[in-house]
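The values are calculated or read from the model by the stated rules, or taken from the named source; none is laboratory data. Keep in mind that this is a model prediction, so the values were computed, not measured. Here the Cβ positions follow ideal geometry from the backbone for every residue, glycine too, while neighbour counts run over all protein chains shown.
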Amino acid sequence: MRKYFLFIAVIVLLLDRLTKWAVASNIDLYHSVAIIPGFFSLKHVENTGAAFGLFAESSAQWKVGALVSFSILALIVVAALLWKNGHALTTTSIGLSLILGGAMGNLWDRMVSGHVVDFLDFYVGSYHWPAFNVADSAIVIGAILLVSEIVFAKSTSETVKSSS
């Protein structure tokens with residue numbers, strides 16, 4: 001089963017690399033292309049911070065090193081959890097695979113260029129969500145799968161206990 005989880009992670013990495021390359025090659029930095037006017041654009045941004053632009057404004061010299069170190073540590077933890085839980089197709093293993101692929105995609109950018117290319121730009125009126133990318137999306141979806149597994153597994157076990 002582990003080869004399927006590695007396949008998921010590699011597909012996420014490849015989609016992330018391909019989409020970032022396409023945006024960086026075709027859209028000038030800080031320019032955007034409206035896809036759904038008033039709601040969604042492709043906007044080429046370079047994020048030197050963490051997910052969704054956290055710490056992007058910081059000028060600290062150690063920022064990129066800290067983000068790379070944190071990403072490597074997260075990759076090790078996620079890979080170990082996936083190896084441990086990778087014997088069956090579960091929501092947990094799929095979630096971990098998505099997180100692994102997303103973390104690899106953003107780590108690649110940070111190590112090669114010191115920033116991450118973000119381009120998915122959603123907004124409604126004056127509300128504007130920070131731009132993000134395929135890797136960020138995979139990480140968030142993976143985290144949602146993990147949380148849902150915890151929530152629904154707990155409610156299922158409580159139901160079983162109460163009916164006993």
- Task: Output the qualifying pairs, or none if there are none: Cβ atoms under 7 angstrom, residues six or more apart or on different chains, first residue in the stretch 121-134 and touching a residue at least 40 places away in the same chain (Cβ under 8 Å) and surrounded by 17 or more Cβ atoms within 10 Å (Cβ to Cβ), second residue of a type in the set (Phe, Trp, Tyr) and assigned to a helix (DSSP H, G or I).
- Result: 130/52; 132/52
- Message: When the residues of the stretch 106-149 are narrowed to those that are within 24 Å of residue 95 (Cβ to Cβ) and of a type in the set (Gly, Ala, Ser), which ends up farthest from the chain's Cα centre (by Cα)?
- Response: 148
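Okay, residues lined up against (1) modelled with pLDDT of 90 or more; (2) surrounded by fewer than 17 Cβ atoms within 10 Å (Cβ to Cβ):
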| position | (1), (2) |
| --- | --- |
| 52 | no, yes |
| 60 | no, yes |
| 64 | no, yes |
| 72 | yes, yes |
| 86 | no, no |
| 98 | yes, no |
| 103 | yes, no |
| 116 | yes, no |
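Consider the stretch 104-147. How many of its residues are in a helix (DSSP H, G or I) and among the charged types (D, E, K, R)?
Residues flagged as in a helix (DSSP H, G or I) and among the charged types (D, E, K, R) within the stretch 104-147 amount to 3.
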- Flagged pairs (Cβ under 6 angstrom, 6 or more apart or on separate chains; first in the stretch 81-93, on the phi < 0 side of the Ramachandran plot and in a loop (DSSP other than H, G, I, E, B); second surrounded by fewer than 20 Cβ atoms within 10 Å (Cβ to Cβ) and among the aliphatic types (A, V, I, L, M)) are 86/1; 87/1
